[in-house]
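Enquirer: Structure incoming, see below.
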Amino acid sequence: MRLTDASVAIRPRSPWEALDLGVLLARRHAGLLLASWALVTVPLFALLCLLLWDYPGWAIFTFWWLKPAYERLPLHILARALFGDTPSLGQALKALPGLLGPQLLASLSWRRFSPTRSFDLPVLQLEGLSGQARRQRLVVLSQRDAGAATWLTVVGVHLEMALWLGLASLFYLLLPAQIALDWSWQNLVNAAAGEWLWLEHLFNLLYVLALILWEPFYVACGFTLYLNRRTALEGWDIELVFRQLRQRLTGVAYALLLGCGLLLLQTPTATMAAESGSSPLQVADPMGPEAARLLKQPLSSQAAQDSIGQLLEQPPFEHRETVTRWRFGEQQVEEPSEEQLAGLLELLEKLFKLAEFWNSIDAVALFFEALLWAALLGLAALLIWRYRQWLGAFVGRLGLAQRAAAPPTRQLFGLEVAPESLPADVAGTVERLWAEQPRAALGLLYRALLSRLLDDYRLPLHGAHTEREVLRLVEGLEHSELSSFSQALTLHWQNLAYGHRLPPDELRQTLCQDWRRLFDSGVRT
Amino acid sequence: MPHSATPPSPRAPGASVQPPAAPLDTRYRVETPEAIDLLLRPAGLVPRALAFAIDLLIRGLLLLAIYVVLGLLGKFGMGLATILLFLLTWWYMVLFEVFNQGRSPGKQILGLRVVHDDGTPVGWAASLTRNLLRFVDILPFGYTLGILSCLNHPAFKRLGDIAAGTLVVYRDTPPARPSLPQAEALHAPFALDLLEQRALLAFAERGASLSAERRAELAAILAEPLQVPAEQAEQRLNGIARGLLGPT
């Protein structure tokens, strides 16, 4: 056992920390530990199941009772791995029969229920003591840290249960719903009847699996607790540093001795003196501080520079970051050399062949393209057909290009011009009103004119137009009779409305006749 | 002995053969911006499970008392008890962790505390996250995922700790005053680095817990460099340790 080879940091720890170190140790060798444990326990469990098929409770009880026997294998692996001599899986399994010999009966009988089982096991298995010596040793070791070992066992029992129930729940959660429905609690209670033996064995197997996960950690924690106790008891950490110190000091002494000897052996010669005397300039260092110095010791300037460089290339001095982004591929511009040209030609040939192949594929592709387009069009047609009523009901109303017609003007300069507000026989009414109410008569006639202009001639009149603008619009119709009638009527209407000058009496006849000729006969038939 | 940084041992680059793997240790190193290494000691599954059990027990007893007392008040009491149940379930850990330096009563008894990954005191967000995610760790039954995560993580984190970026560490307790055996203070005849000075001091301090034979055996290792016979080495080492300690 050489402490310098230990693969864990040796220092006195608190008992809890020693347990944590055990977790780390088991974690480092997890693969080997779990695999070896599984290879030992699972076949044994299978054997027990076969032998005690009708008594699953006894099978798991026997398996559980034999736990200290399996625990020797992980301890063997860990003890060798601690000093860097990790055995392979095969070596470990081969060593198992030899491990079982000593103290097996004690482990399986009166030590079986010892709460410090994992803490005591290294003493039994690794120290090879016997009788009184072993007993004293156990007493000395358990003066401290035995409490932590007990708690480890107590927590371990609960962890086993938690893992077992966890695995069982997981198993139950993963059952398909159809199977789970068929299981009633009644059936599970009646499991002892024999029908459900395989289920009990299955749950026992889950316990075996849970042990595979936990037990190596348990053994490793007990082992590191033992190591911690011995570190405190025997000053392992002190011994380690003392040995290094001794090596450093005696090593330096030897080196000094050797250096002095070499120096003395080398007698000064004439050439040495001559060189140094004749050309002192050459001694001057051309490279200054960059030159290699301190060459006679292990830490030369060059080596120091190297290690400085190494340090500077590591974090936190060096911060490298890899950023991955998508970007367009750049066209690779290559200068074609002759060999490349040949290769290029070959490549082109292949490309042509590929293109031909593609052409042949093109037909297939075209077919599928057509098929897909046809499918798409068919789908669209189907959709339109399916929703034709909806379309008919709503799309027409949407009225894409139809502008809603502006409501016809109903009033111009405060005059009602809607056709309904006019009497059917405008000219007759005017003639009747002319004598008593010339204002009403002329107003009626003007209103009727505007109404007709709006309705029959579709003049775009609106409330902002003045009488003169209306006249101009009428002239735009190129209808001379209408325009002269309008002019005359407007003139007299304006005279009456604004100037309060009554129209001449003979005008009545003219206007009414013109009106009849223009509207009652010609246009409105 | 206070846990502080160990200086990198000077090593000749020619002889810098890296060991296959760094020695396993339970310490967790955090470097501050001032280039000071803080050494945290993450706590593993067993003490954490015990702390949780204690907390669970306390909560159970509290709930029992609450239900017995408030049960006398009829429906109103039951409603109040239900509210308290909610508070106790979801806020017990959070409030203790935030207001009591990361220590729930169970952690206090076991000497643990919760800190952020960088060693700073745990805050509301991290504490809430790690405690709400207990319901992930519990799955599928009885903290199965939490146990597996705790066993498999180098800093013993359960899933809630990983998500919240927190760490359960051992509290540093102030070290007891060491008592050194009486000896005449001496200067060391050779230069000692920090690690070696510590080992010499530890030899003197822990002498009482080592057997006399073991002390002599350890001291004999350094007899040759000290240039004394092996029998006097122990006395000489104690003297050097006292010299290192200085006047007290």
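Read the figures in this text as sums done on the coordinates, not as results from a lab. Note that the coordinates shown come from a computational prediction; the quantities given were computed from them, not determined experimentally. Note that we place each Cβ from the backbone using ideal geometry, even for glycine, and neighbour counts take in every protein chain shown.
Enquirer: Within 10 Å of each Cβ in A:146-152, how many Cβ atoms from other chains are there, averaged over the peptide? Each step should come with its number before you reach the end.
Expert: On the way: counts 0, 0, 2, 0, 0, 4, 2.
Per residue, the average neighbour count from other chains is 1.
Enquirer: A further question on this structure: Expressed in nm to one decimal, what extension gain is obtained for the pair A:Gln132 and A:Leu93 from 0.36 nm per residue of sequence separation less their Cα-Cα distance? Don't skip to the end; give the middle numbers.
Expert: Values: separation 39, 0.36 × 39 = 14.04 nm, distance 3.13 nm.
Contour length minus Cα-Cα distance gives 10.9 nm.
Enquirer: If you don't mind, there's one more thing I want to ask. Among the lysines, select those whose C-alpha is under 28 Å from the C-alpha of B:Lys75, and discard any that sit fewer than 8 residues away in the same chain.
Expert: Hits, sequence-local ones excluded: zero.
Enquirer: While we're on this one: Which whole-number percent gives the relative contact order of the range A:421-525, counting Cα pairs below 8 Å spaced six or more residues apart? Numbers along the way, then the final one.
Expert: Working: 63 pairs, mean separation 30.6, N = 105.
Relative contact order comes out at 29 percent.
Enquirer: Nearest 10 degrees, 0 to 90: what angle lies between the long axis of helix B:212-221 and the longest principal axis of chain B (Cα atoms)?
Expert: Long axis of B:212-221 versus the principal axis of chain B: about 60 degrees.
Enquirer: Taking just the alpha carbons, could you work out the radius of gyration and Dmax for the range A:3-241, both in angstroms?
Expert: Expressed in Å, the Cα Rg and Dmax of the range A:3-241 come to 19.9, 68.
Enquirer: I would also like to ask the following. Given 0.36 nm per residue, what is the gain on full extension from A:Arg2 to A:Tyr457 after removing their alpha carbon distance, in nm? Walk me through the intermediate numbers first.
Expert: Numbers: separation 455, 0.36 × 455 = 163.80 nm, distance 12.16 nm.
Working it through step by step, the gained length comes to 151.6 nm.
Enquirer: Also, quick follow-up: Below 26 Å, Cα to Cα, which lysines can B:Lys157 reach? Residues fewer than 8 away in the same chain don't count.
Expert: By straight Cα distance, B:Lys157 reaches B:Lys107.
Enquirer: Would you mind getting me the FRET efficiency between A:Trp65 and B:Ile109? Use the beta-carbon distance for r and R0 = 41 Å, nearest 0.05.
Expert: The computed FRET efficiency comes out at 0.75.
Enquirer: With a 10 Å radius around each residue's Cβ, average the other Cβ atoms per peptide and rank B:171-183, B:99-111, highest first. Let's see the in-between values first.
Expert: Numbers: B:171-183: 11.5, B:99-111: 19.1.
So the peptides B:171-183, B:99-111, ranked by packing, come out B:99-111, B:171-183.
Enquirer: Divide, for the range A:83-143, the radius of gyration over alpha carbons by 2.2 N^0.38 Å, where N is the residue count.
Expert: Numbers: Rg = 13.2 Å, N = 61, 2.2 N^0.38 = 10.5 Å.
Taking N as the residue count of the range A:83-143, the ratio is 1.26.
Enquirer: Quick check on the range B:45-170: what does the Kirkwood estimate of hydrodynamic radius come out to from the alpha carbon pairs, in Å?
Expert: Details: mean 1/r = 0.0659 Å⁻¹.
Evaluated on the range B:45-170, it is 15.2 Å.
Enquirer: Subtract the Cα-Cα distance of A:Leu391 and A:Leu348 from 0.36 nm times their separation in residues, and report this length gain in nm to one decimal. Can you show the working numbers first?
Expert: On the way: separation 43, 0.36 × 43 = 15.48 nm, distance 5.61 nm.
Once the chain is fully extended between A:Leu391 and A:Leu348, it gains 9.9 nm.
Enquirer: Continuing with this model, one more query. For peptide A:166-175, how many partner chain Cβ atoms fall within 10 Å of a residue's Cβ, on average?
Expert: Values: counts 11, 3, 2, 5, 5, 1, 2, 3, 1, 0.
What the average comes to for A:166-175 is 3.
Enquirer: Taking a spot 7 Å from the Cα of A:Ala497 along the direction of its beta carbon, which residues of the range A:426-450 have an amide N less than 15 Å from it?
Expert: Within reach of a label on A:Ala497, which here means backbone N under 15 Å from a point 7 Å along Cα→Cβ, the range A:426-450 contributes A:439-450.
Enquirer: Would you mind putting A:421-432, A:201-212 in packing order, based on average other-beta-carbon counts within 10 Å, highest first?
Expert: Numbers: A:421-432: 15.3, A:201-212: 18.7.
Ranked from most to least packed, the peptides come out as A:201-212, A:421-432.
Enquirer: Once the other residues with Cβ under 12 Å from the Cβ of B:Arg103 are scored (Lys, Arg +1; Asp, Glu -1), what is the net sum? Don't skip to the end; give the middle numbers.
Expert: Numbers: positive: B:Lys107, B:Arg113, B:Arg171; negative: B:Asp55, B:Glu97.
With Lys, Arg at +1 and Asp, Glu at -1, the net is +1.
Enquirer: Taking every DSSP beta bridge that has both residues in the protein assembly as shown, what percent is antiparallel when rounded to the nearest 5? Please report the intermediate quantities before stating the final value.
Expert: Numbers: 13 of 14 bridges.
In the protein assembly as shown, DSSP labels about 95 percent of beta bridges as antiparallel.
Enquirer: A follow-up question, please. First measure r as the distance between the Cβ atoms of A:Glu369 and A:Phe328, then evaluate 1/(1 + (r/R0)^6) with R0 = 25 Å and state the FRET efficiency to the nearest 0.05. Don't skip to the answer; put the middle values down first.
Expert: Numbers: r = 27 Å, r/R0 = 1.09.
It comes out at approximately 0.40.
Enquirer: A follow-up question, please. Using the reciprocal of the averaged 1/r over all distinct C-alpha pairs, how large is the Kirkwood radius of the protein assembly as shown in Å? Can you show the working numbers first?
Expert: Details: mean 1/r = 0.0262 Å⁻¹.
It works out to 38.1 Å.
Enquirer: Sort B:223-231, A:444-452, A:319-327 by packing, meaning the average of other beta carbons within 10 Å per residue, with the highest value first.
Expert: On the way: B:223-231: 14.9, A:444-452: 22.4, A:319-327: 4.7.
Ranking the peptides B:223-231, A:444-452, A:319-327 by packing returns A:444-452, B:223-231, A:319-327.
Enquirer: Pop the C-beta distance of B:Leu139 and A:Leu382 into the FRET formula with R0 = 51 Å and round what comes out to the nearest 0.05. Show your work: numbers first, answer last.
Expert: Working: r = 49 Å, r/R0 = 0.96.
So the FRET efficiency works out to roughly 0.55.
Enquirer: Still on this model: Would you calculate the separation in nanometres between label points at A:Ser169 and A:Ala106, each defined as 7 Å from the Cα along the Cα-to-beta-carbon direction?
Expert: 4.1
Enquirer: Taking Cα atoms of the range A:411-523, Rg/Rh with Kirkwood Rh, to two decimals? Provide the component values of the computation, followed by the final result.
Expert: Values: Rg = 12.9 Å, Rh = 14.1 Å.
A ratio of 0.92.
Enquirer: Additional query: Just to confirm the number: angle between the C-alpha axis of helix B:45-71 and the first principal axis of chain B, 0 to 90 degrees, nearest 10?
Expert: 30
Enquirer: Same structure again: Can you tell me how the range B:194-245 classifies by the Cα gyration tensor, rounded, prolate or oblate, using a/c under 1.5 as the rounded cut? Provide the component values of the computation, followed by the final result.
Expert: Details: a/c = 1.73, a/b = 1.11, b/c = 1.55.
Taking the square roots of the gyration eigenvalues as a ≥ b ≥ c, the range B:194-245 is oblate.
Enquirer: Evaluate peptide A:230-243: per residue, the Cβ atoms of other protein chains within 10 Å of its Cβ; return the mean as an integer. Walk me through the numbers before you get to the answer.
Expert: Values: counts 0, 0, 3, 5, 6, 12, 1, 6, 16, 6, 2, 11, 11, 3.
Average neighbour count from other chains, rounded to a whole number: 6.
Enquirer: Per residue and in cubic angstrom, what volume does the convex hull of the Cα atoms of the range A:32-112 have?
Expert: Details: hull volume 7.6 nm³, N = 81.
Measuring per residue, one finds 94 Å³ for the Cα hull of the range A:32-112.
Enquirer: What aspartates and glutamates does A:Lys67 reach when the alpha-carbon gap must be under 17 Å and sequence neighbours fewer than 8 apart in one chain are set aside?
Expert: Reachable aspartates and glutamates: A:Asp120, A:Glu160, A:Glu215.
Enquirer: Using the number of other C-beta atoms within 10 angstrom as an exposure proxy, rank A:Leu511, B:Leu88 with the fewest first.
Expert: Values: A:Leu511 23, B:Leu88 18.
With the fewest neighbours first, A:Leu511, B:Leu88 line up as B:Leu88, A:Leu511.
Enquirer: Projected onto the charge dipole of the range A:3-241 (+1 at Lys/Arg Cβ, -1 at Asp/Glu Cβ, origin at the Cα centre), which of A:Gly131, A:Ala26, A:Tyr207 gives the Cα projection farthest towards the positive end?
Expert: The residue sitting most towards the positive pole is A:Gly131.
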